[in-house]
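A short reminder: the numbers here are calculations on the coordinates, not readings from a lab. The shown structure was predicted, so the numbers you read here are calculated from the model rather than taken from an experiment. Counting neighbours? That spans all protein chains shown, and the Cβs are built from the backbone with ideal geometry, glycine included.
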Amino acid sequence: MASASELSSLFLSFLLFISPALSTNSEGNALHALRSRFKDPTNVLQSWDPTLVNPCTWFHVTCDSNNHVIRLDLGNSNISGSLGPELGQLQHLQYLELYRNDMGGKIPKELGNLKSLVSMDLYDNRFEGQIPKSLAKLKSLRFLRLNNNKLTGSIPRELTTLANLKVFDVSNNGLCGTIPVDGPFRSFPMESFENNKLNGPELKGLVPYDFGC
Ligand SMILES: *[C@@H]1O[C@H](CO)[C@@H](O)[C@H](O)[C@H]1NC(C)=O
């Protein structure tokens, strides 16, 4: 019969054997890295405990049945700070809802890695810099709302390949150049583009020309 010490050392080996699986929490680590970039004066992120096995019990985070993060709901949360490349590690994310906060800095190009994304709502913040071309990789994207920020540069032509895009709003930014007219851009209303420095729709048959953009 095995002694107590033999049993406990067996149990210890078992724990060591499974520990890599338990500590694989790349999505939780990514969210925690994101949190470290934020100021959160009203403690909206208080439940984000990095010592938990996964982030699925954190408030404002939703997982699927395989414990992959599919939603981040931080709209209207009084958060300031910026986004970072780690957000691109949430490979299963479908909804990125960060609207009506005080977030600034650039939109990370790594958001183009969120291949399951259906909705990206960054409106009513202070985001600056260009709209990353990499967002054209988000083939499931249906809603892209970037209005009421401080974005500059032109609207990437690459976004015309997003066949599923239903709603696109970049109004109230500092964008310049012409408005694409192909693909989903055929059906977006002019209100989606108002209050920028845009030069109107691209003329069919002419090579797009950026007017000092
Ligand atoms: C945001 O701040 C306002 C004013 O301090 C407060 O009333 C509101 O509850 C806060 N929102 C959240 C989600 O904490």
(message) Between the range 111-128 and the range 144-198, what is the separation of their alpha carbon centroids in Å?
(response) 14
(message) Contact order normalised by length for the range 22-201, with contacts defined as Cα pairs under 8 Å and 6 or more residues apart; what percent is it?
(response) 13
(message) Which three numbers, in whole Å and largest first, are the semi-axes of the equivalent ellipsoid of the range 22-201 derived from its Cα gyration tensor as √(5λ)?
(response) 30, 18, 12
(message) Test of understanding: what is the full-extension gain from Asp73 to Asn43, defined as 0.36 nm times their sequence separation minus their Cα-Cα distance?
(response) 9.4 nm
(request) Using θ = phi - 60° and the Karplus relation 6.51 cos²θ - 1.76 cosθ + 1.60, list the HN-Hα couplings for the range 87-104 in order, rounded to whole Hz, with x at every Gly or Pro. (result) 4, x, 7, 7, 4, 9, 4, 10, 10, 10, 10, 10, 5, 6, 10, 10, 7, x
(request) Tell me which residues come under 5 Å, amide H to amide H, from Glu202 once H is placed; ignore anything under 5 positions away on its chain. (result) Ile179, Val181
(message) Please list, in order along the range 135-145, the HN-Hα scalar couplings obtained from phi with the Karplus expression 6.51 cos²θ - 1.76 cosθ + 1.60 (θ = phi - 60°), rounded to whole Hz, x for Gly and Pro.
(response) 5, 5, 7, 8, 5, 8, 5, 10, 10, 10, 10
(request) Please work out whether the range 141-208 counts as rounded, prolate or oblate from its C-alpha gyration tensor, where a ≥ b ≥ c are the square roots of the eigenvalues and a/c under 1.5 means rounded, while otherwise a/b larger than b/c means prolate and anything else oblate? (result) oblate
(request) Rank these for me by crowding, Tyr95, Tyr123, going from fewest to most other beta carbons within 10 Å. (result) Tyr95, Tyr123
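Give me the percent of DSSP beta bridges within the range 29-126 that run antiparallel, rounded to the nearest 5.
Percentage antiparallel, nearest 5: 35.
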